[in-house]
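A short write-up of the structure that comes next.
Please treat every number below as a calculation from the coordinates, not as lab data. Given the structure is predicted, the values throughout are model-derived calculations rather than measurements. Virtual Cβ from ideal backbone geometry, glycine too; neighbours counted across all protein chains shown.
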Amino acid sequence: MRSLYCGAINSSNIDQTLTISGWVHRRRDHGGVIFLDVRDREGIMQVVFDPDAEESFATADRVRSEYVVEITGLVRARPEGTVNTNMSTGEVEMLGREIKVLNKALTPPFPLDDYSPVGEDVRLKYRYMDLRRPEMQQKLILRSRITSSVRRALEDQGFIDVETPILNRATPEGARDYLVPSRTHPGSFFALPQSPQLFKQLLMVSGFDRYYQIAKCFRDEDLRADRQPEFTQIDIETSFLDEDGIMAITETMIRALFKEVLDVEFGDFQRMPFSEAMEKYGSDKPDLRIPLELVSVNDLMESVEFKVFSGPAKDAAGRVAALKVPGGNSLTRKQIDDYTKYVSIYGAKGLAYIKVNDVTKLEDGDDCGLQSPIVKFLPVDVRKALLERLEAKDGDLIFFGADKAKIVNDALGALRCKIGEDLDLYTAEWAPLWVVDFPMFEETGDGNLTALHHPFTMPSCSPEELVANPLNALSKAYDMVLNGMELGGGSIRIHDEAMQNTVFDVLNISKEEQEEKFGFLLSALRYGCPPHGGLAFGLDRLVMLMTKSESIREVIAFPKTQTAACVLTEAPGHVDSEQLKELNIRVRKETAEKK
């Protein structure tokens, strides 16, 4: 039915008679001559119908937007002055000779150009129409190119594609599982995998040495722009390599991917310890394109009379940090108030600031060179030491965070990125790095410990040191970060049963629970498990970054909304009573009434 895709036709096809198939993107009637822009996944071709060809002209006159057509015609150069340099086919057009309407179409629910403002709920309800837009098709085609590049890069390095089960049992991965009731085992449930973690470790025990998978994963968690209940990850595991070896393999893959798909060459991947990332940027995924840094000033604020500062400064779990914005005095009071409201999202109770007007005038009085309601609480020696530490200059603005360290880090870390975006402070287009030396554990709200990554991560210390001081233990974990977003995270895994038991013990997982949930893994470790480790990249996030999209929903063919629903198919939906009966499930009455 088709000789070439529309977007593949160019000046080399002049004087050829070709057949194209696609959708009518636009119809125009210019002085008795009809122009049809016909679209397929590769581009748009302009077709001209003259009144001399009465039958085809009459048919072209009846078609409307999104009709499916097949057209045969002669390719010719566009008349002088009508070349469209914005189109790949802009030098040529087709003189239509035959046209068949393969299917009619209702009026589209929204225009299918790149710039039509339409709500996301409407776009997702008519996703099959939304995906016809050239912008969306280009994103999904690019996604296909990305996965192809990844597969080639890994297979060239000896990795084998192995599928792991979707129906599994629940594991402690840090989020809620999606559960699937079993008909054949009444009262029991499968869990959809949050990752293939345990199975890929078992593949290392099995001797496959280098495994990868483009894997579907599921997490029942609160959603935002870069999360979905079902997502895709590039899953990698390998044996007999240390952290440096695994990081080198995956770094090579990412370098090759960006060069092949975007013609972007990365410089060096900086390595930054977790502690430095939190100290300077308030985040374990810092955006290094922004040259702003957090500076701790606890020591300067311990003795000031301003309790908002002195309290957290004296608290072992507190932090007082400053964020200098060069030239920030130009910010208006409204902008500062907006930033104050912004940091409240992260638990900050306020946002103190100082405008630096004249660094030579630090004494109290009307002509003081520092402008802020809090200056009167800071002794002159503190003001001087503060400006020296921050290397502040006239015209700078200094923001402060004072609270528990986590709140300060979250609030000022987010503010740093917000200001960088608002003031366009970016110093580069891409800024990749590795964050390493993560803590092994973190405290939960109830005083217990939880694994910062997962409980199968190898600590950097001995079992005895781990038990003696678990909160000071570091792990052999590493995250690849790009432009303030975690692309992938991984670690060296525990391959020794004694160390695995020690980690479980520190996490207060009883021997019975260890055996019940992880007995198969512990058994495998007893049969010659090699040293191994791996990494998983979020494919959706990777494509989102490479296409400069605002949300991963823009790079997934059929995504869920922020309420984890599909407005296209109206999933999740009700199940009839007979199906529930087969699964030994009964819906609670009050839940049913609410629906």
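Mind sorting GLU363, GLU135 by how few other Cβ atoms lie within 10 Å of their own Cβ, fewest first?
Working: GLU363 9, GLU135 14.
Sorted ascending by nearby Cβ count, the order is GLU363, GLU135.
Which ³J(HN,Hα) values in Hz, rounded to whole numbers, follow from the phi angles of the range 19-36 under the Karplus curve 6.51 cos²θ - 1.76 cosθ + 1.60, where θ = phi - 60° and Gly and Pro get x?
10, 10, 9, x, 10, 6, 7, 7, 10, 9, 10, 10, x, x, 10, 9, 10, 10
Along the charge dipole of the range 93-166, which of LEU102, LEU142, ILE160 sits closest to the positive end, that is, farthest toward it, with unit charges on the beta carbon of Lys, Arg, Asp and Glu (+1, +1, -1, -1)?
About the Cα centre, the residue reaching furthest to the positive side is LEU102.
What are the GluC sites (Glu not before Pro) within the range 220-296 that DSSP puts in a loop, where the Cβ has at most 14 other Cβ atoms within 10 Å?
Values: sites: GLU221, GLU230, GLU237, GLU243, GLU251, GLU260, GLU265, GLU276, GLU279, GLU293; in loops: GLU221, GLU265, GLU293.
Answer by residue number: GLU221, GLU265.
Long-range amide H contacts for HIS532: which residues qualify at under 5 Å (H placed 1.01 Å from N, peptide plane, sequence gap of 5 or more or a different chain)?
Residues meeting the amide H criterion: PHE240, ARG493.
In deg cm²/dmol, rounded to 500, what helix-only [θ] at 222 nm does the chain give when every DSSP H run of at least 4 residues adds -39500 (n - 2.57) and the total is split over its residues?
Values: 18 runs with 183 residues, N = 595.
My calculation for the chain gives -9000 deg cm²/dmol from helical runs alone.
Fewest to most neighbouring Cβ within 10 Å: what's the order for LYS100, LYS361?
On the way: LYS100 14, LYS361 11.
The fewest-first ordering by Cβ neighbours comes to LYS361, LYS100.
Mind checking which of THR85, SER21, SER65 is farthest towards the positive end of the range 6-103's charge dipole, using Cβ charges of +1 (Lys, Arg) and -1 (Asp, Glu) about the Cα centre?
SER65
Using r as the Cβ-Cβ distance of LEU106 and THR85, and R0 as 35 Å, what FRET efficiency do you calculate, to the nearest 0.05?
Details: r = 34 Å, r/R0 = 0.97.
Once the sixth-power term is evaluated, E becomes 0.55.
Can you give the charge dipole size of the range 290-427 about its Cα centre, rounded to the nearest 20 debye, using +1 on the beta carbon of Lys and Arg and -1 on the beta carbon of Asp and Glu? Intermediate results must be reported in sequence, preceding the final value.
Values: 19 positive and 22 negative charges, 92 e Å.
In total the dipole reaches around 440 debye.
Ranked by Cβ crowding within 10 angstrom, fewest neighbours first, how are TRP430, TRP23 ordered?
Working: TRP430 16, TRP23 21.
The fewest-first ordering by Cβ neighbours comes to TRP430, TRP23.
When the dipole is taken about the Cα centre of the chain, and only Lys, Arg (+1) and Asp, Glu (-1) are charged at their Cβ, what size is it in debye, to the nearest 20?
Details: 72 positive and 95 negative charges, 310 e Å.
Dipole about the Cα centre, nearest 20: 1480 debye.
Can you give the % of DSSP beta bridges in the chain that are antiparallel, to the nearest 5?
Details: 92 of 100 bridges.
Roughly 90 percent of the DSSP beta bridges within the chain come out antiparallel.
What is the calculated FRET efficiency for SER11 to ARG271, with r their C-beta to C-beta distance and R₀ = 51 Å, to the nearest 0.05?
Details: r = 50 Å, r/R0 = 0.98.
The value I calculate is 0.55.
What are the ³J(HN,Hα) couplings of the range 566-577, residue after residue, when phi is run through the Karplus curve with 6.51, -1.76, 1.60 and θ = phi - 60°? Round to Hz, x for glycine and proline.
10, 6, 6, 9, 6, 8, x, x, 6, 10, 5, 4
What is the range 290-427 by shape, rounded, prolate or oblate, if you read a ≥ b ≥ c off the alpha carbon gyration tensor as root eigenvalues and call it rounded for a/c under 1.5, prolate for a/b larger than b/c, and oblate otherwise? Mind showing how you got there, number by number?
On the way: a/c = 1.62, a/b = 1.07, b/c = 1.52.
Because a/c hits 1.5 or more and a/b fails to exceed b/c, the range 290-427 counts as oblate.
Hey, rough spin-label estimate for HIS30 and ARG176, points 7 angstrom out along Cα→Cβ, what's it come to in nanometres?
With each label point 7 Å from Cα toward Cβ, the separation is 5.8 nm.
Where in the range 1-89 are there GluC sites (Glu not before Pro) that are in a DSSP coil and have at most 12 other Cβ atoms within 10 angstrom of their Cβ?
Numbers: sites: GLU42, GLU54, GLU55, GLU66, GLU70, GLU80; in loops: GLU42, GLU66, GLU80.
Filter output for the range 1-89: GLU80.
Please give the Cα centre distance for the range 202-259 versus the range 262-308, rounded to the nearest Å.
The distance from the Cα centre of the range 202-259 to that of the range 262-308 comes to 27 Å.
Nearest 20 debye, what's the magnitude of the dipole of the range 102-221 about its Cα centre given +1 on Lys and Arg Cβ and -1 on Asp and Glu Cβ? Present the calculation step by step, with values, prior to reporting the outcome.
Numbers: 18 positive and 15 negative charges, 63 e Å.
Once rounded to the nearest 20, the dipole reads 300 debye.
Please report the relative contact order for the range 6-103, taking Cα pairs under 8 Å with a sequence separation of at least 6, and give it as a percent rounded to a whole number.
Values: 233 pairs, mean separation 33.5, N = 98.
Relative CO of the range 6-103 lands at 34 percent.
Normalising by the residue count of the chain, find the relative contact order in percent from Cα pairs under 8 Å and 6+ residues apart. Can you show the working numbers first?
Working: 1104 pairs, mean separation 76.7, N = 595.
Worked out over the chain, it gives 13 percent.
Using the alpha-carbon centroid of each, what span in Å lies between the range 137-184 and the range 542-581?
17 Å
Given contacts defined as C-alpha pairs under 8 Å and at least six residues apart, what's the relative contact order of the range 290-427, whole-number percent?
Working: 243 pairs, mean separation 49.4, N = 138.
RCO, the range 290-427: 36 percent.
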